[in-house]
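Each remark here refers to the structure printed beneath this line.
The values are calculated or read from the model by the stated rules, or taken from the named source; none is laboratory data. Note that the coordinates shown come from a computational prediction; the quantities given were computed from them, not determined experimentally. Please note: Cβ atoms are built from the backbone with ideal geometry, for glycine as well, and neighbour counts cover all protein chains shown. What goes into the accessible areas is simple: the full protein's heavy atoms, side chains included, and nothing from ligands, DNA or RNA. Shrake-Rupley method; radii C 1.70, N 1.55, O 1.52, S 1.80 Å.
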Amino acid sequence: MKTAYHHLSSEQVLKELNSSKNGLSEDEATARLSRIGENIIPTSKPYSIPALLLDQLKDAMIFILLIAAFIAGLLGEWIDAAIIFTIVFINSLTGFLQAYHAEKAIEAIRRMATIKTNVIRGNKLMSIDAAALVPGDIVTIEAGNIISADLRLLESATLLVDESALTGESISVYKSVQELPDGTVAVSDQVNMAFKGTIAVRGRAKGIVVYTGRQTEIGKIASMLDRKKLKTPLQQRMAKFSKNLSVLILIICTILFVLGWLRGEKPFPMLLVAVSLAVAAIPEALPALVTIALAKGASRLVKQNALIRKLPAVETLGSVNTICTDKTGTITQNKMSVQRLQSSDEVLRSQLFLAMILNSDALYQAGIASGDPTETALMDYVVKHMGEDYVRTGRHSYPRIAEIGFTAERKCMSTFHADGSEGLLICKGSAEQIMERLASSELDKALVQLVNEWSAAGLRVLAFAYRPLKIEETKTIGAHSAEATLSVLETNLVLLGYVGISDPPRKEVIQAIKECRQAGIRVVMITGDHPETARAISADIGLSDNQNVLSGYELTTMSHAQLKNCVLHTSVFARVSPAQKLDIVTALQSQGQFVAMTGDGVNDAPALKASNIGIAMGIAGSDVSREAADMILLDDNFTTIVKAIKEGRRIFDNIRKFVRYIMTCNSAEILTLFLAPLLGLPLPLLPVHILWINLVTDGLPGIALASEKGEPDIMQRPPRPAAESLFAHGSGTHIIWVGSLMAAVTLVVQAVALNLGNVHWQTMVFTVLSFSQLGHVMAIRSEKVFLFRQGLFSNKPLIVSIIVTLILQLTVIYLPAANTIFKTQPLSLVELSLCVFAASIVFHAVEIEKWIKARKPAVTSTH
């Protein structure tokens, strides 16, 4: 039976779990983890090797092939039966390895995307994977965190938690630390508990882990659910395409069987040919190979500081035509430094320094400030001018008793301090928000002008104000005071002054924005900063030509129709709220834009979810924004988004090349076998030849195409429409004409060899078709660049796969034991040379196709 920790005091909970406010030791935490297990909620059975192997045998075509092998054995055709069984085994093993690697890659991506949690162990604050939490751990919570386990709260500073994921209640709950009386059972009433999966909206807190994994409240619910197998939209389209194609191929194979039977061929050999052709022609491996390509792409992106949380994002990155990006840390370096300071008067200057260290969560230890970049910049400035002792003495003299945290809506933070019987309120925030809270409505016009001048110079301006608190006011304030109670005190403030902070743009961003323009991608900057600051930064990075900046206030006066019109012509939005970010995204999408959106706060989650590609900050981002995102920037750098888009385009190109290659090969095999009887020729290939080509010649080089480098113009062309078919841009036409050419070359060699009375004609046909496909895969490595200009060895995995395939093919031709198994004969040097020459026709034809395509724009422009 579970312990009712909400009925116990903080001291009782610590004793019950054999822990302390300094946390567990590392050794004790490790021991508990091995005993209790990871803090995860598995919602489905993990993939198993036997299950993956069994999946390979569920394919209808494989089942038919096994029946054919069994019949062959009954008829005494032991060699044929053994060959078919061997081919099925190798094919199943290959499919298993592909599926296994895909599952492993996806699992690795999931593990990399796990939530981090701040925990105190051995009296040291550290960040660990949430999965490593154990009962007794002391966890710190900040606004934006997703609660990673069920916690009994020990400390709370106006912590507000969204529990809708657990209770269904839309109203967030303020938390306290006092034990509850007996009889309080409902989860929604346990205000001294924070539950796994809920979201810290505001404030800060510290709690002790009481339950993890399946033992948590949400674990009880989640354990009853099951996770659906992950399938990308592209994978779904390929599966549907394969199913439709299967029907067409089965019809063709039936016709082939009937035609052969009518010509007097023996029924069983014709059945084997028809079944083998169906197995070879149906691209049942395409969905799995697409997943492998996407998973490998996601792994490569991690090395470029872009963590893909949702696999479809890899595919859809190439369709992005608008990037909505934040400014701080993404476009700028997030290396804050105080450049200017202006106090209201000299008397208040020292109080301004005091306010800068009191209204701050930054830590200062061993000569180093740590925490939020803005607050550490303020701390460094005070230490530089006033010394370290000033910081220690000031914080000791005015301990914090309560706070109202910064939010995107408020754009300010207030802290409450007590010094004996006296109290002090300090407010820090945007100039506009502080001005609204001042005692006098008559502001110094010179200071207002100063704010505008600093903002125009690209500085972020923070204003500070204070108010002495009366004794009776101070007595009503405690660490658990509700925000509504505290906010009443944010009036009649006295202005202390302004601080101008610089955050220079990243040097590489200018080039990245140029690259976006060349790629047909619009960059839109959305920031909470002052309009003049946003305008100055956008000018520095070359973002906007017209320097038109829209403020959040102006957005509130617009109708939806006006917003839809202006979003296509405005590149900078300033003083924007999270709700307005969502409005901008939906307005862009209504205009046909495919939007990538960055965000880091709790309230950015709706905009991230609504965008086509949600991108969260890995350093500055909240847990909630990361969970809502498709991709996480591990370095919070705008250029990483551009790199990811480039990689997404490359991955899709390579998937299309693979599809083009495999479908061309399949169509060539179908046409060769289908047309031969119609032309009065004997069956050109045996079932074992077809299966060999499908397994070796098609498979190995096709998989290696996923490693092909990007086209030279990959970032000089417009984005790919999201619904664009894999057979667009002439790929469908290419499959038909190259497949027809490959079949024609093969049939011509067969006809010539038969007319010359060559007894090796079938081995020659087998070799020509295999070599033609190898020539084809070399030619389609690029759609526009000739092979020898591209670099013969630029894709080493492909070269290795082709060499291996060639060796295997020559082994089948010249090894005596293989001759018996595959019914081949050794070819003379002349015969082999003829096969190589005939196969090279396909390679040169595809290279000529590139030359024709390259000339088309030039011809068009002359008219």
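Odds and ends about this structure:
- Filter result for the condition that a residue is free of Cβ contacts under 8 Å to residues at least 40 places away in the same chain and of a type in the set (Val, Ile, Thr), over Thr325, Thr393: Thr393
- Some residue of region 705-714 being open to solvent by less than 20 Å² (accessible area, probe 1.4 Å) and among the hydroxyl-bearing types (Ser, Thr, Tyr): no
- Residue within region 733-747 that is among the β-branched types (Val, Ile, Thr), open to solvent by 10 Å² or more (accessible area, probe 1.4 Å) and at pLDDT 95 or above present: yes
- Looking at Glu403, Glu472, Glu422, just one residue is touching a residue at least 40 places away in the same chain (Cβ under 8 Å) and more than 26 Å from Gly528 (Cα to Cα), and that residue is Glu422.
- Region 321-415 holds strands (runs of 3 or more DSSP E) entirely within its bounds, and those carrying 1 or more residues that are of a type in the set (D, E, K, R) map to 337-343, 400-404.
- Selected residue [part of a helix (DSSP H, G or I) and in contact with a Lys or Arg (Cβ under 9 Å, 6 or more places away or on another chain)] from Thr763, Thr767: Thr763
- Selected residue (only one of Leu815, Leu810, Leu787, Leu756 is over 17 Å from Leu741 (Cβ atoms), touching an Asp or Glu at 6+ places or on another chain (Cβ under 8 Å) and aliphatic (A, V, I, L, M)): Leu787
- None of Ser794, Ser833, Ser782 is among the hydroxyl-bearing types (Ser, Thr, Tyr) and either assigned to a helix (DSSP H, G or I) or at pLDDT 95 or above (or both) except Ser833.
- Breaking point among (1) under 30 Å from Gly264 (Cα atoms); (2) open to solvent by 10 Å² or more (accessible area, probe 1.4 Å); (3) in contact (Cβ under 8 Å) with a residue 12 or more places away in the chain, for Gly757: (3)
- Odd one out for Leu834, checked against (1) surrounded by fewer than 19 Cβ atoms within 10 Å (Cβ to Cβ); (2) among the aliphatic types (A, V, I, L, M); (3) out of contact with any Ser or Thr (no Cβ under 8 Å at 6 or more places or on another chain); (4) closer than 25 Å to Ala753 by Cβ: (1)
- Residue within region 219-228 that is within 30 Å of the chain's Cα centre (by Cα) and at pLDDT 80 or above present: yes
- Single condition Ala751 does not satisfy, out of (1) in contact with a Ser or Thr (Cβ under 6 Å, 6 or more places away or on another chain); (2) modelled with pLDDT of 95 or more: (1)
- Matching residues, region 763-805, being under 21 Å from Val659 (Cβ atoms), among the polar types (S, T, N, Q) and touching a helix residue (DSSP H, G or I) at 6+ places or on another chain (Cβ under 7 Å): Ser770, Ser772, Gln773, Ser782, Asn795, Ser801, Thr805
- Hey, Ala274 at pLDDT below 80, farther than 22 Å from Leu705 by Cα, small (Gly, Ala, Ser) and part of a helix (DSSP H, G or I) or not: yes
- Filter result for Ile255 (closer than 30 Å to Phe658 by Cα and at pLDDT 75 or above): yes
- Odd one out for Ala723 among (1) surrounded by 15 or more Cβ atoms within 10 Å (Cβ to Cβ); (2) outside any helix (DSSP H, G or I): (1)
- Scanning region 189-205 for residues that are in contact with a Leu (Cβ under 8 Å, 6 or more places away or on another chain), outside any loop (DSSP other than H, G, I, E, B) and under 26 Å from Pro606 (Cβ atoms) gives Ala194, Ala200, Val201, Arg202, Gly203, Arg204, Ala205.
- Neighbours by Cβ (under 8 Å, 6+ apart or cross-chain): first from region 807-822, at pLDDT 90 or above; second assigned to a helix (DSSP H, G or I) and among the small types (Gly, Ala, Ser): Gln809/Ser770; Thr811/Ala818; Val812/Ala818
- On inspection, Ile146 does not qualify as out of contact with any helix residue (DSSP H, G or I) (no Cβ under 8 Å at 6 or more places or on another chain) and either surrounded by 21 or more Cβ atoms within 10 Å (Cβ to Cβ) or closer than 23 Å to Ile36 by Cα (or both).
- A residue that is modelled with pLDDT of 90 or more, open to solvent by 20 Å² or more (accessible area, probe 1.4 Å) and among the small types (Gly, Ala, Ser) cannot be found anywhere in region 616-629.
- Residue match in region 139-147 (condition: under 30 Å from Pro50 (Cβ atoms) and either at pLDDT below 90 or not basic (Lys, Arg) (or both)): no
- Of all residues in region 581-604, those satisfying the criterion of being more than 15 Å from Thr330 (Cβ to Cβ) and either among the acidic types (Asp, Glu) or open to solvent by less than 10 Å² (accessible area, probe 1.4 Å) (or both) are Asp583, Ile584, Val585, Ala587, Leu588, Val595.
- Residue in region 371-390 that is most open to solvent (accessible area, probe 1.4 Å), counting only those that are in contact with a Phe, Trp or Tyr (Cβ under 8 Å, 6 or more places away or on another chain) and either closer than 24 Å to Leu125 by Cα or without any contact (Cβ under 8 Å) to a residue 12 or more places away in the chain (or both): Glu388
- Here Val210, Val177 are screened, and the one residue that is open to solvent by less than 40 Å² (accessible area, probe 1.4 Å), in a strand (DSSP E or B) and modelled with pLDDT of 80 or more is Val210.
- Condition check for Thr393: farther than 18 Å from Phe464 by Cβ, at pLDDT 90 or above and open to solvent by 20 Å² or more (accessible area, probe 1.4 Å): yes
- Within region 422-448, if we keep just the residues that are assigned to a loop (DSSP other than H, G, I, E, B) and open to solvent by less than 70 Å² (accessible area, probe 1.4 Å), the residue that is modelled with the lowest pLDDT turns out to be Leu443.
- Within region 542-567, the residues that satisfy the criterion of being in a loop (DSSP other than H, G, I, E, B) and either open to solvent by 60 Å² or more (accessible area, probe 1.4 Å) or free of Cβ contacts under 8 Å to residues at least 12 places away in the same chain (or both) are Asp545, Asn546, Asn548, Thr557, Met558, Ser559.
- Region 345-398: number of residues that are polar (S, T, N, Q) and within 23 Å of Leu447 (Cα to Cα): 4
- Within region 56-84, the set of residues being at pLDDT 70 or above and under 41 Å from the mean Cα position of the chain (by Cα) comprises just one member, Leu66.
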